[in-house]
Amino acid sequence: MNVRELALDTLLAIEQKGAYSHLQLNNAIQKGRLDGRDAALLTEIVYGTIQRRDTLDYYLTPFLRKARRLEQWVRVLLRLTLYQMVYLDRVPDHAAIFEAVEIAKRRGHRGIASLVNGVLRTIGREGLPSLDAINDSAKRLAVATSHPEWLVRRWIEQYGPEETARMCETNLRPPQSTARVNRMRATVEEALERLGSEGVKAVRGLLAPEAIRAENGNFAHTEAFHSGWLTIQDESSMLVARALDPAAGERVLDCCAAPGGKTTHIAERMDGRGEVVAVDIHEHKVKLIEQQAQRLGLDNIRTLALDSRRLGERFAPESFDRILVDAPCTGFGVIRRKPEIKYTKGNDDVAALVEIQQAILRAAAPLLKKGGTLVYSTCTIEREENEEAIARFLADHPDFSLDDRLVERLPDAVRPYVQKGMLQLLPHYFDSDGFFIARLRKKG
């Protein structure tokens, strides 16, 4: 199977079976035994087609009016081919069209191949329909950046049209490849030097002092990664352990901890002393935390498979010095990494997740010692899941208050975005994931 046929199968698995884009893509690269160049092209086509899905459908619609109901694989084939024609300069249109027609012949019949050929060549001759024909500005932005209209309108209400446009445009760009240096094994300078010797060019990050960014190469394919010098993690996520500010010898609870990026960062900042109890509802995800800890050489992490809404069944009141609730959320801050989520979530998901977040906070609160610190974080930009969730929790728990000392725990670059013990990063601020952090203190 060639790259474009692999792309078609990958996109169909994501769309029809609900497969995760990054996992399905990795499977396709292994299945196709692709070299670096073909793997990069496959990745570009798959992620690009998902990111631009609604825009591509808008462009295709006028050319499909005479076509009868299309099978889904034909529509996806047209999308991925049009993506190459519009957005990939290095792929000649005639080559992309030829490949699409050949795939259509193998999977369908001559009539489908003729349809695919006719639609794509007509677009090549006549050009794309203009987005200016959409009079409503919110709808036009939604189509132009391929975001659901309900979500764009929701963000405009929360952040205004200009910030929303910047977020939507940023979500179309590939995410930065960043990693955290394990300070128990190496300095940032040592890690950069070792990576350079392995053919990966990396530089210091923008936010966290322990962060590095890859300019070329793949961190995961290096001996530096496999020997525990690095953890692949977004820079905004690295700020969570800094906000929690654990000390060596303390007992820390990490709720909803898998796959373990924040857990291991907490353990590293404790110099491997004390105890980090990492809880996750899924047994197979708990194993991921254990694998991370072993790779990084951390033996102060204890794992437990448990629904974090039932923490009180396993732990005594006031038994932890610090607690992290990295809550399940809509994930709208990481759309660049998981582009399919913008099409699969709706208003009902936001409401349902808010209730789960509150239940976890209610379960965690009694376990914190008086005077202890609780950090709540999400990888979303939804105020209902973030600032409003904290306000609701505080209204029900007068023994907690926002901790203004959060600003002192974070790097200078993000301090202007901290307000009253809370930090909201939007994706376009630092070209990072969108992330929310609140630091709370238990009175006493």
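Okay, here's what the table says:
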| quantity | calculated |
| --- | --- |
| Flag if A278 is closer than 25 Å to L306 by Cα, without any contact (Cβ under 8 Å) to a residue 40 or more places away in the chain, in a strand (DSSP E or B) and of a type in the set (G, A, S) | yes |
| Helices (runs of 4 or more DSSP H) completely within region 4-82 that count 3 or more residues being modelled with pLDDT of 95 or more and open to solvent by 20 Å² or more (accessible area, probe 1.4 Å) | 53-60 |
| Yes/no for N171 being within 20 Å of L425 (Cα to Cα), open to solvent by less than 50 Å² (accessible area, probe 1.4 Å) and polar (S, T, N, Q) | yes |
| Tabulated pairs, region 370-389, first on the phi > 0 side of the Ramachandran plot, second outside any strand (DSSP E or B) and surrounded by fewer than 23 Cβ atoms within 10 Å (Cβ to Cβ), C-beta under 6 angstrom, 6+ apart or interchain | G371/G444 |
| Residue, modelled with the lowest pLDDT, within region 215-272, restricted to residues that are among the hydrophobic types (A, V, I, L, M, F, W, C) and open to solvent by 20 Å² or more (accessible area, probe 1.4 Å) | A220 |
| Residue check, E189 more than 22 Å from A267 (Cα to Cα) and open to solvent by 40 Å² or more (accessible area, probe 1.4 Å) | no |
| All positions within region 325-348 that are open to solvent by 10 Å² or more (accessible area, probe 1.4 Å) and not in a loop (DSSP other than H, G, I, E, B) | D326, I341, Y343, T344, N347, D348 |
| Filtered residue count, region 124-150, keeping only those that are open to solvent by less than 50 Å² (accessible area, probe 1.4 Å), under 25 Å from G331 (Cα atoms) and touching a residue at least 60 places away in the same chain (Cβ under 8 Å) | 7 |
| Selection count, region 331-353, where residues are among the β-branched types (V, I, T) and either at positive phi or touching a helix residue (DSSP H, G or I) at 6+ places or on another chain (Cβ under 6 Å) (or both) | 1 |
| Which numbered condition P161 fails, given (1) open to solvent by 50 Å² or more (accessible area, probe 1.4 Å); (2) under 25 Å from P339 (Cα atoms); (3) in contact with a strand residue (DSSP E or B) (Cβ under 9 Å, 6 or more places away or on another chain) | (3) |
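The values are calculated or read from the model by the stated rules, or taken from the named source; none is laboratory data. Predicted model, so just to flag it, every value in this text is computed and none were measured. Glycine also receives a Cβ, built like all others from the backbone with ideal geometry; neighbour counts cover every protein chain displayed. Note: areas computed on protein heavy atoms with side chains; ligands, DNA, RNA excluded. Shrake-Rupley method; radii C 1.70, N 1.55, O 1.52, S 1.80 Å.
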